[in-house]
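None of the figures in this text is laboratory data; all of them are computed from the coordinates on show. Note that the structure is a prediction, hence the values are computed from the model and not measured. Every residue, glycine among them, receives a Cβ derived from its backbone with ideal geometry; neighbour counts consider all protein chains shown.
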Amino acid sequence: ATDGTISTIISSYYDDQCEFSRENLTVGHLIGKGAFGFVYQGTAKGINSKEKVTTVAIKTVRDDATPDEVENLLKELSVMKMVGKHINIISFLGCCTKGGQVMLIVEYAKYGNLRDYLRRKRPPGHVLSGLYETPSDTDNNEHQTIIHDDDYIRSLTNIDLILFCLQVASGMEYLHSKKCIHRDLAARNVLLAETRICKIADFGLARDLTQTYYYRKQTDGRVPVKWMSPEALFDRKFSKKSDVWSYSILAWEIMTYGGTPYTSVAAENMFDYLRDGNRMSQPINCPNEIFQIIESCWSFKESLRPTFTQMCDNLRHYLYGSS
Ligand code: ACK
């Protein structure tokens with residue numbers, strides 16, 4: 001891992017159109033830490049419209065990042081650039097690659113990740129035993145600040161939850177229309193912005209489908225086993241249909257106010273568990289029509305799973321009575 005390699009990688013991704021000048025960017029406090037590096041809140045002057053200062057999120061890698069880690073951030077950046085704008089997807093605003101640490105500047109989502117938001121909004125007494133891990137297992141986001149605004153006192157209804165499902169499905173419909181698969185769809189990777197708009201984030205694993213029909217993951221890093229379809233788990237075969245499977249786990253997380261999937265099943269037993277036909281049960285508050293949509297994504301056979309377009313139609317039909 002030499003600086004030479006890193007600068008070669010950086011220059012191979014360089015795009016003058018997207019470069020944002022560092023003097024107009026202010027890096028603020030740390031909002032998240034991952035294996036890859038850090039996420040900061042910040043402000044960028046003139047990034048959206050001239051003169052205006054915009055609150056942004058800034059993703060960086062650690063100072064001692066390997067060339068691979070730098071390249072992963074640059075790949076994420078290029079996927080976001082290719083995907084373009086949709087209200088339910090975190091949009092790419094710019095980047096700083098010249099003259100210092102690589103920084104990816106993206107739209108800021110005020111309420112952080114959807115899973116933790118849902119847990120905070122869980123109605124008292126809602127919990128079914130076993131649905132939630134103990135807080136010490138999961139709440140490792142010590143950087144999170146809880147925002148005491150109007151939304152803080154507003155509770156969530158079932159309709160709000162189903163609206164979250166629809167928003168994520170529409171973001172995914174768009175992503176798939178851009179020939180991109182996400183591969184790590186989960187409530188922790190959806191962010192919530194002002195006025196409760198869901199934004200799909202974490203394109204770290206996303207891949208452009210035009211390059212290969214589906215993506216076979218080469219190495220086993222940390223894999224989100226409980227969100228993965230059987231063929232993704234067993235064959236490392238990722239496709240639009242494996243995103244649909246992951247979406248159903250995400251929709252189940254939403255309907256359970258941030259429940260943990262398959263709490264009683266060990267990760268290494270997941271494949272057998274699913275092959276034997278076991279699935280999660282209907283959350284108590286989840287309407288039958290919505291659970292039917294979730295269940296349709298759990299077909300072992302990929303071809304039987306719906307598309308996001310079909311799911312959006314069904315969810316709109318449920319919510320608005322027409323599609
Ligand atoms: O719940 P959080 O604050 O929301 O914790 C995670 C953390 O960084 C690690 O991913 C937060 N985060 C990531 N991207 C953004 C963003 N664009 N806007 C706001 N918060 C973000 C995420």
Would you mind checking the radius of gyration and Dmax of segment 244-297 based on alpha-carbon positions, in Å? 11.1, 32
Rank the residues Met280, Met255 as a footprinting-exposure proxy: fewest other Cβ atoms within 10 Å of their Cβ go first. Met280, Met255
Put in order of increasing Cβ neighbours within 10 Å, starting from the fewest, Met172, Met270 give Met270, Met172
Plugging the Cβ-Cβ distance of Tyr152 and Gln17 into 1/(1 + (r/R0)^6) at R0 = 51 Å yields, to the nearest 0.05, a FRET efficiency of 0.85
Among all helices in the chain defined by DSSP H, which have a length of 30 Å or more along the axis from Cα atoms plus a Kyte-Doolittle mean of at least -1.0? none
Please compare each pair in Lys52/Lys110; Lys45/Lys110; Lys85/Lys179; Lys45/Lys179; Lys45/Lys178 to a cut-off of 21 Å on the Cα-Cα distance and tell me which ones are over it. Lys45/Lys179; Lys45/Lys178
Please identify which residues in segment 226-240 have an amide N closer than 14 Å to a label point set 7 Å out from the Cα of Arg279, following the Cα→Cβ vector. 229-230
Sites matching trypsin sites (Lys or Arg not before Pro) across segment 1-80 that sit in DSSP coil, with at most 15 neighbouring C-beta atoms within 10 Å: Lys50, Lys52, Arg62
What spacing in nm lies between the two simple spin-label points modelled at Thr8 and Leu304, each 7 Å away from Cα in the Cβ direction? 5.0 nm
Surface/4 of the Cα convex hull for segment 6-118, nm²: 7.4 nm²
Work out the length of the dipole vector of segment 1-99 about its Cα centre, built from +1 on the beta-carbon of each Lys and Arg and -1 on the beta-carbon of each Asp and Glu, and round it to the nearest 20 debye. 480 debye
Using a 10 angstrom cutoff on alpha carbons, build the Gaussian network for the chain and name the most mobile of Gln101, Gln17, Gln292. Gln17
What dipole magnitude, in Debye to the nearest 20, does the chain give about its Cα centre under +1 on Lys/Arg Cβ and -1 on Asp/Glu Cβ? 560 debye
Counting other C-beta atoms within 10 Å, which of Ile293, Ile146 has the fewest, and how do the rest follow? Ile146, Ile293
Segment 269-323: Kirkwood hydrodynamic radius (Cα pairs, Å) comes out at 12.5 Å
Please report the net charge: other residues with Cβ closer than 14 Å to the Cβ of Ile290, K and R +1, D and E -1. -4
Quote to one decimal, in nm, the extra length available between Ser264 and Thr26 on full extension: 0.36 nm per residue of separation minus the C-alpha distance between them. 81.2 nm
Give me the net charge for the shell around Tyr262: Cβ to Cβ below 10 angstrom, other residues only, Lys and Arg +1, Asp and Glu -1. +2
Let me check the size of the chain from its C-alpha atoms; what are the radius of gyration and Dmax in Å? 19.8, 59
Computed lengthening from Val53 to His126, 0.36 nm per intervening residue step minus Cα-Cα distance: 22.2 nm
Straight-line reach from Lys237: which aspartates and glutamates fall under 15 Å, measuring Cα to Cα and dropping same-chain residues less than 8 apart? Asp184, Asp208, Asp220, Glu302
